């Protein structure tokens, strides 16, 4: 029996192996159909229960691994013959939750998963989160584990914090830590111009950002828990931390010590700067690739912004993209490169900026967006999910693209304009 | 259709049969009891800070006495802003005379002791990281042009504000034209 199950896993896994640049992807022939039931006591405010439901439904939809029923349904927690099958919906699964609060404010979510074909409880579990305003992360945790339960590719990125800077006025911006839906937001740096936040490590317990509030642009590292900051670098003209190595020990920075923006690698332990690129025009937006041995970056060395790569310590530059006439932002993961490209030669074209995906191993180019201005793409810790900034109808939003399912989702920012993101 | 049913069956088999292989995410409870999971993140406590609580000098302000500040304000209002074409950082022919005029003003008796900060700016198009680099190139072009008109290079520093400092906030061509610019600040 175990052998058979392993074969099943292998078969389904092979369905997920694909070339992400090929647009038409048939991953699973049928997604498991799931409905959610709110079994919370009426003592809990209905608006909170509905907010929680909305995030959980959204998570399952964004995972792209479920056929989700949107309708808000209620039930008892124990269930009855009708509630455990919901026959008219022809479901495969039912996810039932019961929200409660402890005296200290901790939220408790009792969650039960039912097989809607048999009406039997498959599993049940209790989830907790200590602060009420973190409830989106409680929903994300449940979604991540449910996703794992059905053996689909991980969506653990949903649990990650997103950090972004938003413009609030001229020369004014704030840095905010949020969940990927922007339902949770906490401003961590305010006052003056604070830009380009970047997580310092995978644990997300510190971040870098550039402050324009001193005599010169200054890169700081901030401890998330204590709020204490440490000055890392100061530079003339401009200073941006564009990427952090996988071990957290090296930074890619764009700085201009002689009025000339070039890409450098900064070793935070040795406190040493190594110049990577050297060009009289613009080199910017560096990202580590190939086990942190190479840097992919944007340069106007052909007379327009395009994507190049260079081995650290070498002078040889390789052009990575042969499409578009203005490719001004890039992110790389394994063999995949995602970049933002302006569609017209003037700023008045109907189409504006779109995201494209290429593989360094094939010639395919896949267009990922079609409307609005789509900028600043960033891969998750997998090659299947890309976050980006979308400007549409004078509003900025956090966008999430699920490559495998060929779907894109947007989470608008109500106040301000997103300047840059990291996650 | 067969494939459809087979896939669903496979998924259901995995759903019901494979959970015990992954104890980290196991939601099964053979004895009917529920297991507990904390969704608290490691970065449980997030502290905020006000970055203006800095001891260093604000880049946009100099420290000056009232009379000096007045002189600076008068001069800053007199110098021309230098505008650029879309996505360009070379000096437009129609801007050369403006820079020449600025060089004359900045070398005059009442200005020659001040340091000059050239601020490069961009419109809202494109990714901001590129725009900061573009703004810096614009400031650098202006600096080099000022030097060619006789301004001492030691007096000039440059900085880029990318798209963070628009002169005009509407989203139209006239506004974008105004935002692609270099401005001048004087420091005592």
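Just so it is clear, none of the values below were taken in a lab; they were calculated from the coordinates. Predicted model, so just to flag it, every value in this text is computed and none were measured. Cβ atoms come from the backbone with ideal geometry, glycine included; neighbour counts cover every protein chain shown.
Here are the numbers:
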{"item": "Residue-span extension gain [residue A:278 to residue A:67] - 0.36 nm each, minus C-alpha spacing", "result": "70.9 nm"}
{"item": "Full-extension gain in nm, residue A:42 to residue A:201, via 0.36 nm per residue minus C-alpha separation", "result": "53.0 nm"}
{"item": "Cα centroid of segment A:269-347 to Cα centroid of segment A:130-186, whole Å", "result": "29"}
{"item": "FRET efficiency for residue A:106 and residue B:73, using Cβ-Cβ distance with R0 set to 56 Å, rounded to 0.05", "result": "0.50"}
{"item": "Projected label distance in nm at residue A:360 and residue A:76, using a 7 Å step from Cα toward the beta-carbon", "result": "6.0"}
{"item": "Structure-based [θ]222 nm, chain A - -39500 (n - 2.57) summed over DSSP H runs of at least 4, per residue, nearest 500", "result": "-4000 deg cm²/dmol"}
{"item": "Calculated FRET value between residue B:97 and residue A:269, using beta carbons and R₀ = 45 Å, to 0.05", "result": "0.30"}
{"item": "Among beta bridges that DSSP assigns inside segment B:80-187, antiparallel share in %, nearest 5", "result": "60"}
{"item": "Cα pair distances in segment B:80-187, grouped into 5 Å bins until the bin that holds the longest one, percent each", "result": "2, 14, 25, 24, 17, 11, 5, 1, 0"}
{"item": "Antiparallel content of DSSP bridges confined to chain A, in %, to 5", "result": "95"}
{"item": "Extension reserve of the residue A:228-residue A:246 stretch, reckoned as 0.36 nm per residue once the Cα distance is removed", "result": "4.2 nm"}
{"item": "Centre separation in Å (Cα based) which lies between segment A:33-98 and segment A:196-250", "result": "42"}
{"item": "Segment A:101-129-segment A:367-385 distance, computed between alpha-carbon centres (Å)", "result": "34"}
